[in-house]
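The values are calculated or read from the model by the stated rules, or taken from the named source; none is laboratory data. Values in this document were obtained by computation on a predicted structure and should not be read as measured data. Counting neighbours? That spans all protein chains shown, and the Cβs are built from the backbone with ideal geometry, glycine included.
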Amino acid sequence: MHETAIVMGLMRIIETHAARVGVRRVLRVRLKVGRLRAVEPQQLCSCFEMFAEGTVAEGAELVIDMLGVRGRCRTCASEFDVARYHFECPACAGIDIEVIQGQELYIESFEVDSAVDGELKG
C-alpha cells in the first residue's frame with residue numbers, strides 16, 4: 001500500500017510548513033492526484049486520518065482532486081483526454097503520445113487556523 005508512504009511524506013511537509021510559520025492547527029489539506037499514480041482516495045484518507053492523530057493536522061479534512069489523463073500527440077500536436085488508458089491519438093491514430101496530465105501528486109494548499117494567515121500555500 002503506497003498510500004502509507006505518500007501520507008508519511010505529506011505529514012512531514014505539513015508539519016515542517018506549520019512549524020515554520022507558527023500554525024496551531026491545519027483544518028484542510030487539498031491534494032492534486034493524477035489517475036496514473038494509482039492512488040486509492042479512500043485508503044489515502046484513512047491513512048491521513050491515522051497519521052494526523054496527535055499532530056497539527058489532527059481532525060483536518062483531506063480533499064483529493066483526482067485529475068484525468070491527457071495526452072499530446074507528438075506527430076500532429078493534438079491534445080486529448082486519454083480514455084481507458086488507450087494512448088492513441090484520435091486525430092491521426094499516432095501512438096507517439098506525451099502524457100501532459102495524469103501523473104501529478106502534490107499539495108495544492110493547506111487551510112489553517114492560526115494568528116498568521118487564513119491560508120498557507122504548500
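Scanning region 1-26 for residues that are surrounded by fewer than 14 Cβ atoms within 10 Å (Cβ to Cβ) and under 15 Å from GLU108 (Cα atoms) turns up just one, GLY9. Residue pairs whose Cβ atoms lie under 6 Å apart, sitting 6 or more positions apart in sequence or on different chains, and linking a residue in region 90-102 that is under 11 Å from GLY68 (Cβ atoms) to a partner that is of a type outside the set (Asp, Glu) and assigned to a loop (DSSP other than H, G, I, E, B), are GLY102/VAL69. Note on region 38-63: residues that are surrounded by fewer than 17 Cβ atoms within 10 Å (Cβ to Cβ) and under 15 Å from GLU104 (Cβ atoms) total 3. Against the test of being outside any strand (DSSP E or B) and either closer than 25 Å to ILE13 by Cβ or at pLDDT 95 or above (or both), the options ILE95, ILE107 yield a single qualifying residue, ILE95. Counting only residues that are among the charged types (D, E, K, R) and under 16 Å from ALA38 (Cα atoms), region 70-100 holds 2 of them. Can you confirm whether VAL23 is at negative phi and modelled with pLDDT under 95? Criteria met by VAL23. The number of residues in region 34-81 being farther than 17 Å from MET11 by Cα, under 15 Å from the mean Cα position of the chain (by Cα) and acidic (Asp, Glu) comes to 2. Exactly one residue out of VAL56, VAL7, VAL39, VAL33 is in contact (Cβ under 8 Å) with a residue 40 or more places away in the chain, outside any strand (DSSP E or B) and closer than 25 Å to ASP81 by Cβ, and it is VAL39.
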